[in-house]
1. Kindly express, to the nearest 10 degrees and within the range 0 to 90, the angle between helix 140-153's C-alpha long axis and the longest C-alpha principal axis of the chain.
2. At a 1.4 Å probe radius, which order do L157, L181 fall into by accessible area, largest first?
3. Ignoring ligands, DNA and RNA, what percent of the accessible area of segment 63-151 is carbon or sulfur (1.4 Å)?
4. Once you list every other residue whose beta carbon is under 15 Å from the beta carbon of D112, what net charge do they have if Lys and Arg are +1 and Asp and Glu are -1?
5. Within the set of other residues whose C-beta is less than 10 Å from the C-beta of W23, count the net charge using Lys and Arg as +1 and Asp and Glu as -1.
6. Where in the chain lies the longest segment free of trypsin sites (Lys or Arg not before Pro) that are both loop residues by DSSP (not H, G, I, E, B) and have at most 16 other Cβ atoms within 10 Å?
7. Send over the per residue convex hull volume for segment 136-185, Cα only, as a whole number of Å³.
8. Counting C-alpha atoms alone, how compact is segment 103-145: give Rg to one decimal and Dmax as a whole number, in angstrom.
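The values are calculated or read from the model by the stated rules, or taken from the named source; none is laboratory data. Please read all numbers here as calculations on a predicted model, not as lab measurements. Every residue, glycine among them, receives a Cβ derived from its backbone with ideal geometry; neighbour counts consider all protein chains shown. To get the accessible areas, we keep the full protein, side chains included, count just its heavy atoms, and leave off ligands, DNA and RNA. Shrake-Rupley method; radii C 1.70, N 1.55, O 1.52, S 1.80 Å.
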Amino acid sequence: MRRRTELAIAGAAILAWGEWLNWRWSRALVGNGVGASEAVVVLGYRNPQSTANYINRWRVRAGIRSTAADGARGTRMIFSGGVTGNGASEARLMADYAKTVLAFDGTVLLEDQSTTTWENITNVIPLLEDVDRIKIASQPAHALKARAYMRRQRPDLAERLVRADDYRPGEWLVGKPLLALYGLWMLRGLKAEERRGSL
């Protein structure tokens with residue numbers, strides 16, 4: 001009985017740790033931007049098949065729920081991601097899912113050349129110059145990495161970053177510790193890049 005209790009406590013602690021890290025990352029490097037116009041950038045994930053994979057479908061849903069309170073028509077939705085298989089780009093697959101499955105009828109723009117997060121940010125910058133608020137939708141650690149890249153590439157645009165709705169308590173609960181471990185590894189690489197000045 002004691003062993004079970006210890007395991008339950010350890011499991012709860014691991015889940016809470018994953019939840020806390022993802023919550024923290026979702027709120028890092030964002031401000032409280034104001035203004036009438038908004039863009040939500042949805043970052044693609046490796047998608048060699050002919051339809052949007054599970055992760056890209058979730059990212060699209062997170063992007064759509066990140067739209068402003070006045071509805072999708074007031075927000076520019078930008079899907080970013082190049083070709084990773086023999087078919088359509090990640091951006092195209094995500095846009096198709098948003099329109100045909102989720103019935104999203106707002107403004108959609110595609111950036112379909114990127115193969116890395118750095119390129120995602122480089123290539124969406126021209127689509128963001130005239131908006132007041134910028135949201136980046138992905139898993140929290142990945143979105144934080146993208147926001148850090150925007151700060152490096154365009155500090156003026158980074159001032160317009162606000163929080164996307166890509167973190168919700170309990171969502172991905174069992175997977176969040178794994179996402180936290182992956183995020184720590186990814187953000188460690190980001191710090192190493194900063195020290196080397198390689199980007």
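1. 50 degrees
2. Descending order: L181, L157.
3. Solvent-exposed carbon and sulfur of segment 63-151 make up 47 percent of the total.
4. With Lys, Arg at +1 and Asp, Glu at -1, the net is -2.
5. +3
6. Here the longest run is 47-199.
7. 66 Å³
8. Spelled out, the Cα radius of gyration and Dmax of segment 103-145 are 11.5, 30 Å.
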